[in-house]
Amino acid sequence: MRAKESIEVVVSRIAEAARAVGRAPDSIRLIAVSKTFGVDAIRPVLSAGHRTFGENRVQEAQSKWPDLRQEFPDLELHLIGPLQSNKTRDAVRLFDVIHTIDRVKIARAIANEMHSAARHLQLFVQVNTGEEPQKAGLSPTDVKEFVTMCRDDLKLDLTGLMCIPPIDEEPAVHFALLGQLAEATGLKGLSMGMSADFETAIEFGATHVRVGSAIFGARPAAKTDLRGA
Ligand SMILES: *Cc1c(COP(=O)(O)O)cnc(C)c1O
């Protein structure tokens, strides 16, 4: 399927999943995850009218998006991969939303950079709901304290929580947990759901779904998707 048709299919599946649980389709933001794909693959999706995209590496995003931003001023770029503190400066200047805040050092660096760049980004805290050692994100038991610290000490206005469920587990359990943590911390945003499970995520309240392969096709297998490396 071509990218234009693929994204139309995903958009209508989102609407259907939303209606099935009595939610408004426009309460869910579709982030088209374009990591590993070049501008040639991205253009048809832009032509279809889509403007919200996700990338997992700062450097890769810098090689693709600055020119497109000139051309499409209404773009919204989401960083969905891990952020190293030496990339914070670039990330705050390129992206509109960061989904992967998971430690004090990064939260503080982002707060400082937003101040010096006079930019206000939407920020999500990543939670390692499966407590997988190789995966980024806070342990669920640390979320409340971290969110309080971000708000009170760093004056960060957080949008929500994000998770990537373990590959071999029922995602619904993790989506439900993320929803409970968001409720407990008074956060409205839930970034959860990928190509394989976005409909389930919507059932559990996702406000942002991150969909790559269902739109762009399969990525080369060797890339480590979830950690960025
Ligand atoms: C790659 C990636 C996605 C998209 O994955 P698909 O299975 O291709 O939809 C979503 N979220 C994160 C954090 C990713 O790294």
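The values are calculated or read from the model by the stated rules, or taken from the named source; none is laboratory data. Remember, predicted model here, so these are calculated numbers, not experimental data. Because the Cβ atoms are built from the backbone with ideal geometry, glycine has one as well, and the counts that use them run over all protein chains shown. Surface areas here come from the heavy atoms of the whole protein model, side chains and all, with no ligands, DNA or RNA. Shrake-Rupley method; radii C 1.70, N 1.55, O 1.52, S 1.80 Å.
A few points about this structure:
- Per the Cα gyration tensor, the chain maps to an equivalent ellipsoid with semi-axes of 25, 22, 16 Å, ordered largest to smallest.
- When the alpha carbon coordinates of the stretch 1-126 are projected onto the principal axes, the ranges are 40, 35, 23 Å, largest first.
- R0 of 25 Å, Cβ-Cβ distance Val39-Ser213: FRET efficiency to nearest 0.05: 0.85
- FRET efficiency estimate (nearest 0.05) - Cβ-Cβ, Ser27 to Glu170, R0 25 angstrom: 0.55
- Other residues within the sphere of radius under 14 Å centred on the Cβ of Arg19, judged by their own Cβ, net out at -2 (K and R +1, D and E -1).
- Taken about its Cα centre, the chain carries a charge dipole of about 620 debye when Lys and Arg each add +1 at the Cβ and Asp and Glu each add -1 at the Cβ.
- Dipole axis of the stretch 94-213 (+1 Lys, Arg; -1 Asp, Glu on Cβ), positive-most option in Ala182, Cys150, Ala111: Ala111
- Accessible area of the stretch 111-229 divided out per residue, in Å², using a probe of 1.4 angstrom: 48 Å²
- Here the accessible area of the chain is 49 percent carbon and sulfur, with a 1.4 angstrom probe and all protein chains present.
- Hydrodynamic radius of the stretch 31-81 by the Kirkwood approach over all distinct alpha-carbon pairs: 10.8 Å.
- Taking 0.36 nm per residue of separation and subtracting the current Cα-Cα distance, fully stretching the chain between Glu132 and Asn112 would add 4.2 nm.
- Highest mean packing comes first when the peptides 157-166, 130-139 are listed by Cβ atoms within 10 Å, giving 157-166, 130-139.
- Full extension of the chain segment joining Ala221 with Ser47 gains 59.9 nm, where the gain is 0.36 nm per residue of separation less the Cα-Cα distance.
- Per residue accessible area in Å² of the stretch 1-65, where ligands, DNA and RNA are left out and the probe is 1.4 Å: 48 Å²
- Summed side-chain charge close to Thr141 - residues other than Thr141 whose Cβ falls under 14 Å, Lys, Arg +1, Asp, Glu -1: -3
- Projected label distance in nm at Ser85 and Ala15, using a 7 Å step from Cα toward the beta-carbon: 4.7 nm
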